[in-house]
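Down below is the structure, laid out as C-alpha coordinates.
The values are calculated or read from the model by the stated rules, or taken from the named source; none is laboratory data. Just so you know, these numbers come straight off a predicted model, no measurement behind them. Methodologically, a virtual Cβ is constructed for each residue, glycine included, from the backbone with ideal geometry; neighbour enumeration extends over all protein chains shown.
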Amino acid sequence: MSREYPDHPRVGVGAIVLHESRVLLVKRGQAPALGKWSLPGGLVDLGETTREAVAREVAEECGVRITVGDVAGVVERVVRDEAGRIRYHYVLVDYLAFPEGTRVAPGSDAADVRWVEVDRLGELDTTEGLLDMVRRAQALKEGDRA
(Lines give C-alpha, C1' and ligand atoms only; values in the text may rest on other atoms or scores of the structure.)
Protein backbone atom coordinates (compact mmCIF):
# COMPACT_ATOMS: atom_id res chain seq x y z
CA MET A 1 0.00 0.00 0.00
CA SER A 2 1.32 3.39 -0.96
CA ARG A 3 1.54 6.08 1.69
CA GLU A 4 1.23 8.75 -0.98
CA TYR A 5 -2.22 9.36 -2.48
CA PRO A 6 -3.87 6.66 -0.34
CA ASP A 7 -7.37 5.30 -0.90
CA HIS A 8 -8.06 5.45 2.84
CA PRO A 9 -6.45 6.97 5.96
CA ARG A 10 -3.42 5.22 7.47
CA VAL A 11 -3.28 4.53 11.21
CA GLY A 12 -0.03 5.54 12.86
CA VAL A 13 1.42 5.88 16.33
CA GLY A 14 3.87 8.21 18.03
CA ALA A 15 5.67 8.17 21.35
CA ILE A 16 6.34 11.09 23.66
CA VAL A 17 9.25 9.42 25.46
CA LEU A 18 10.04 11.51 28.53
CA HIS A 19 13.13 11.21 30.69
CA GLU A 20 13.74 13.85 33.36
CA SER A 21 13.37 17.20 31.53
CA ARG A 22 14.03 15.76 28.08
CA VAL A 23 12.00 14.23 25.25
CA LEU A 24 13.23 11.78 22.62
CA LEU A 25 13.03 13.13 19.05
CA VAL A 26 13.92 11.81 15.60
CA LYS A 27 14.95 13.85 12.60
CA ARG A 28 12.82 12.51 9.77
CA GLY A 29 14.80 10.86 7.00
CA GLN A 30 11.83 10.37 4.67
CA ALA A 31 8.72 12.24 3.46
CA PRO A 32 6.44 13.55 4.73
CA ALA A 33 8.20 16.19 6.86
CA LEU A 34 11.66 15.19 5.63
CA GLY A 35 14.35 16.89 7.76
CA LYS A 36 11.99 17.99 10.54
CA TRP A 37 12.30 16.86 14.14
CA SER A 38 9.38 14.69 15.20
CA LEU A 39 8.18 12.13 17.69
CA PRO A 40 9.36 8.61 16.98
CA GLY A 41 6.63 6.49 15.47
CA GLY A 42 5.16 5.00 12.34
CA LEU A 43 2.36 2.95 10.88
CA VAL A 44 0.51 0.15 12.64
CA ASP A 45 0.98 -3.24 10.97
CA LEU A 46 -1.98 -5.51 10.29
CA GLY A 47 -2.78 -7.54 13.42
CA GLU A 48 -0.68 -5.30 15.64
CA THR A 49 -2.14 -3.23 18.48
CA THR A 50 -1.28 0.46 18.65
CA ARG A 51 0.67 -0.22 21.87
CA GLU A 52 2.70 -2.97 20.19
CA ALA A 53 3.28 -0.71 17.18
CA VAL A 54 4.58 2.23 19.20
CA ALA A 55 7.01 0.04 21.15
CA ARG A 56 8.26 -1.56 17.91
CA GLU A 57 8.62 1.77 16.10
CA VAL A 58 10.63 3.39 18.92
CA ALA A 59 12.93 0.37 19.07
CA GLU A 60 13.44 0.45 15.28
CA GLU A 61 13.91 4.23 14.96
CA CYS A 62 15.79 4.95 18.17
CA GLY A 63 17.27 1.69 19.40
CA VAL A 64 15.61 1.99 22.80
CA ARG A 65 12.95 -0.10 24.53
CA ILE A 66 10.07 1.75 26.17
CA THR A 67 7.31 1.25 28.66
CA VAL A 68 4.13 2.50 27.02
CA GLY A 69 1.85 4.68 29.14
CA ASP A 70 -1.54 6.22 28.40
CA VAL A 71 -2.74 7.93 25.24
CA ALA A 72 -1.63 11.58 25.27
CA GLY A 73 -3.67 12.53 22.22
CA VAL A 74 -4.98 11.68 18.79
CA VAL A 75 -4.08 13.81 15.77
CA GLU A 76 -5.31 13.70 12.20
CA ARG A 77 -2.90 14.85 9.47
CA VAL A 78 -4.29 15.51 6.00
CA VAL A 79 -1.79 16.90 3.48
CA ARG A 80 -3.05 18.05 0.08
CA ASP A 81 -1.02 18.68 -3.07
CA GLU A 82 -1.21 21.81 -5.23
CA ALA A 83 -4.23 20.41 -7.09
CA GLY A 84 -6.09 19.78 -3.82
CA ARG A 85 -5.78 16.00 -3.96
CA ILE A 86 -5.02 14.22 -0.69
CA ARG A 87 -1.34 13.31 -0.76
CA TYR A 88 -1.16 11.94 2.81
CA HIS A 89 -3.84 11.13 5.40
CA TYR A 90 -2.82 9.80 8.80
CA VAL A 91 -4.72 9.24 12.02
CA LEU A 92 -2.03 9.24 14.72
CA VAL A 93 -2.36 7.90 18.26
CA ASP A 94 0.35 9.43 20.45
CA TYR A 95 1.34 7.70 23.69
CA LEU A 96 3.20 8.88 26.76
CA ALA A 97 6.17 6.54 27.15
CA PHE A 98 9.22 6.01 29.36
CA PRO A 99 12.61 4.66 28.27
CA GLU A 100 14.12 1.52 29.73
CA GLY A 101 17.54 3.03 28.93
CA THR A 102 18.85 6.33 27.60
CA ARG A 103 21.37 5.23 24.94
CA VAL A 104 19.87 5.83 21.52
CA ALA A 105 20.94 5.24 17.91
CA PRO A 106 19.10 6.20 14.72
CA GLY A 107 17.50 3.44 12.68
CA SER A 108 17.51 3.26 8.89
CA ASP A 109 14.58 5.65 8.36
CA ALA A 110 15.76 8.31 10.85
CA ALA A 111 18.39 10.88 9.88
CA ASP A 112 19.21 11.48 13.56
CA VAL A 113 17.85 10.80 17.03
CA ARG A 114 18.51 12.67 20.24
CA TRP A 115 17.28 13.66 23.66
CA VAL A 116 16.17 17.30 23.69
CA GLU A 117 15.41 19.53 26.65
CA VAL A 118 11.68 20.29 26.47
CA ASP A 119 12.39 23.97 27.11
CA ARG A 120 14.55 24.08 23.94
CA LEU A 121 12.02 22.57 21.52
CA GLY A 122 11.26 26.01 20.08
CA GLU A 123 14.83 26.16 18.73
CA LEU A 124 14.27 23.18 16.40
CA ASP A 125 12.39 22.82 13.12
CA THR A 126 9.69 20.45 14.39
CA THR A 127 6.56 18.93 12.95
CA GLU A 128 3.31 20.79 13.47
CA GLY A 129 1.81 20.39 16.95
CA LEU A 130 4.83 18.66 18.48
CA LEU A 131 5.25 21.04 21.42
CA ASP A 132 1.52 20.87 22.22
CA MET A 133 1.64 17.06 22.28
CA VAL A 134 4.72 17.07 24.51
CA ARG A 135 2.93 19.43 26.92
CA ARG A 136 -0.09 17.09 26.93
CA ALA A 137 2.17 14.16 27.78
CA GLN A 138 3.87 16.13 30.56
CA ALA A 139 0.47 16.97 32.04
CA LEU A 140 -0.56 13.32 31.81
CA LYS A 141 2.68 12.29 33.53
CA GLU A 142 2.18 14.84 36.31
CA GLY A 143 -1.42 13.64 36.73
CA ASP A 144 -0.15 10.09 37.26
CA ARG A 145 1.86 11.32 40.26
CA ALA A 146 -1.17 12.80 41.99
- Task: Go through the residues of the range 84-92 one by one and say whether even a single one is within 14 Å of the chain's Cα centre (by Cα), of a type in the set (Ser, Thr, Tyr) and either modelled with pLDDT of 95 or more or surrounded by fewer than 17 Cβ atoms within 10 Å (Cβ to Cβ) (or both).
- Result: no
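Considering each of Arg136, Arg103, Arg80 in turn, give the residue that is touching a Lys or Arg at 6+ places or on another chain (Cβ under 7 Å) and on the phi < 0 side of the Ramachandran plot.
After ruling out the rest, the residue left standing is Arg80.
Within the group Ala55, Ala59, which residue is farther than 17 Å from Met133 by Cα, surrounded by fewer than 17 Cβ atoms within 10 Å (Cβ to Cβ) and of a type in the set (A, V, I, L, M)?
Ala59
Filtering the range 29-40 down to residues that are surrounded by 15 or more Cβ atoms within 10 Å (Cβ to Cβ) and either on the phi > 0 side of the Ramachandran plot or of a type in the set (A, V, I, L, M) (or both), which residue is modelled with the lowest pLDDT?
Looking at the filtered set, the residue picked out is Ala33.
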- Picked from the range 97-142 (must be outside any strand (DSSP E or B), among the acidic types (Asp, Glu) and over 14 Å from the mean Cα position of the chain (by Cα)), the residue farthest from Lys36 (Cα to Cα) is Glu142
